[in-house]
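One structure is given here, and the rest of the page talks about it.
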Amino acid sequence: MLPWFMVTLVGQDQAGIVAQVTNLLYQNGCHLGEASMLRLGGNFTIMMMVGGMDSTEVLMQILRPIAQKLHLHLHVDKIEGQLHQHQLPDVRVTVYGADRVGIVAQVTSALAAAGLNILDLESDVGGINEAPFYVMHIEGIATQGWSALETALQTILREQPDLEVQLAPIEMVVM
Amino acid sequence: MARLTLLTYPDPRLKQVAEPVSQFDAQLQLLVADLEETMRASPGGVGIAATQVGHLQRVVIVDVSSKPKISHHGRLILINPEILDWEGFEIGREGCMSVPDYTGNVVRATHLQLVAQDEQGKEHKYTMEGYEARAVQHELDHLDGILFIDRLVSRRRDLFQRKSYKKTNSS
Ligand SMILES: [Zn+2]
């Protein structure tokens, strides 16, 4: 079985990046697996699993011209991962507050110490230039249970009482 | 009784609309029994629709009683179910025996009023909420050829209010 590669492409956002990149891969016989493509701070970022080729070099050769044309940084890694290895999150943490240095570091350190395995973290800065606020959503697995996370968040709130923190279970319904 | 084979997406039968049940006969009882066996054989399965086994009739079973600390009606056999009224909405994570290896966030009503017949054809009205209401909505969708992946909401911009545990700094 051919390996999967993790392809990273990052650069100034412009219309048509996804279509051009994926078409080129398709025309060269590659296929795509799980992917995340989004705009962050005016840049467009692509991280995607690409299969169908046997070496990093071949994939680099296919992608280099388009990366140069679109001024994207290109990185290709052979990975161990496969499809169908989803893990299911059981908790969701939302944190927001006036933006300041260290929110992510402090919150995630406390949560990691309390057994949270992060599967997905997305954060954003909103508000006006003079008064930005920070919003962070985390989905993860509480490997040491719910109350450990509660305690961790409580400690954060005691130190930074103006932060808004929510801990919510993600209940899976399978039908 | 027999355990039936579950259809999995992209089987086109999952996208078809099921017909109302008109005969409350031995054949229907057998279908209900087989559906229940199939549902109970699936780990974590709290509901099943006849559509999921390729039987395009409006028959659903829901049983969320295995879930602790929630209100529920136990084992529900819902034939020709109709939602009479609904209220509130909440985002929640769903998976489906017919859509393996995939889960996603779906908005559902938090409170439902429902009318359905039982396997003898007798009509019952139900008022339900939360987890059970979500399961029923998911199953009723199957009868109309709708999968939860037809109703996914964006993960990144989920602005829906959900019941959540709100920490305060009072302690
Ligand atoms: Zn389902």
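The values are calculated or read from the model by the stated rules, or taken from the named source; none is laboratory data. The structure presented is a predicted model; accordingly, all values stated were derived computationally and were not measured. Here the Cβ positions follow ideal geometry from the backbone for every residue, glycine too, while neighbour counts run over all protein chains shown. The area values use the complete protein model at the heavy-atom level, side chains included, leaving out ligands, DNA and RNA. Shrake-Rupley method; radii C 1.70, N 1.55, O 1.52, S 1.80 Å.
Amide H neighbours of A:Asp99 under 5 Å, at least 5 residues apart or on other chains, H built in the peptide plane: list them.
Long-range HN contacts for A:Asp99: A:Phe133, A:Tyr134.
Residue-wise, which Karplus ³J(HN,Hα) couplings in Hz belong to the stretch A:52-57, taking 6.51 cos²θ - 1.76 cosθ + 1.60, θ = phi - 60°, and x for glycine or proline?
Taking θ as phi minus 60°, the curve returns x, 10, 9, 8, 4, 4 Hz for the stretch A:52-57.
Hey, can you grab everything whose amide H is under 5 Å from the amide H of B:Leu4? Only 5+ residues off in sequence or another chain; H modelled, so Pro and N-termini drop out.
Amide H neighbours of B:Leu4: B:Thr38.
Quick one: if the Förster radius is 35 Å, what FRET efficiency do A:Ala113 and A:Glu171 give, using the C-beta to C-beta distance and rounding to 0.05?
FRET efficiency, A:Ala113 to A:Glu171: 0.90.
Compute the Cα gyration tensor for the protein assembly as shown, then decide on rounded, prolate or oblate, letting a ≥ b ≥ c be the square roots of its eigenvalues: rounded whenever a/c is under 1.5, prolate when a/b is larger than b/c in the other cases, and oblate in all that remain.
oblate
Using a simple spin-label model with points 7 Å from Cα along the Cα→Cβ vector, what separation in nm is obtained for B:Asp144 and A:Asp99?
With each label point 7 Å from Cα toward Cβ, the separation is 4.2 nm.
Per DSSP H run of n ≥ 4, the term is -39500 (n - 2.57); total these for chain A, divide by its residue number, and report the mean residue ellipticity at 222 nm rounded to 500 deg cm²/dmol.
-9000 deg cm²/dmol
I need the shape label for the stretch B:12-161. Rule: rounded when a/c is under 1.5, else prolate if a/b > b/c, else oblate, with a, b, c from the alpha carbon gyration tensor.
prolate
Starting from the 7 Å offset along Cα-to-Cβ, what nm value, one decimal, do you get for the label separation of A:Glu150 and B:Tyr102?
With each label point 7 Å from Cα toward Cβ, the separation is 3.6 nm.
Could you give the nm distance between label points at A:Asn23 and B:Arg3, where each point is 7 Å from its Cα heading toward the beta carbon?
4.9 nm
So what are the ³J(HN,Hα) numbers for the stretch B:73-89, from phi and the Karplus equation (6.51, -1.76, 1.60; θ = phi - 60°), rounded to whole Hz, Gly and Pro as x?
My calculation for the stretch B:73-89 gives 10, x, 7, 10, 9, 10, 10, 6, x, 9, 7, 8, 7, 8, 8, x, 9 Hz in order.
List for the stretch B:91-117: residues with 30 Å² or greater reduction in accessible area, all protein chains versus chain alone, probe 1.4 Å?
B:Arg93, B:Gly95, B:Asp101, B:Thr103
Can you give me the accessible area per residue for the protein assembly as shown, using a 1.4 Å probe, in Å²?
On the way: 17940 Å² over 346 residues.
For the protein assembly as shown, the solvent-accessible area averages 52 Å² per residue.
In square angstrom and rounded to 100, what buried accessible area do you get between chains B and A, total over both, with the probe at 1.4 Å?
Protein heavy atoms only, the B-A interface buries about 2800 Å².
How many percent of the accessible area of chain B is carbon or sulfur, using a 1.4 Å probe?
50 percent
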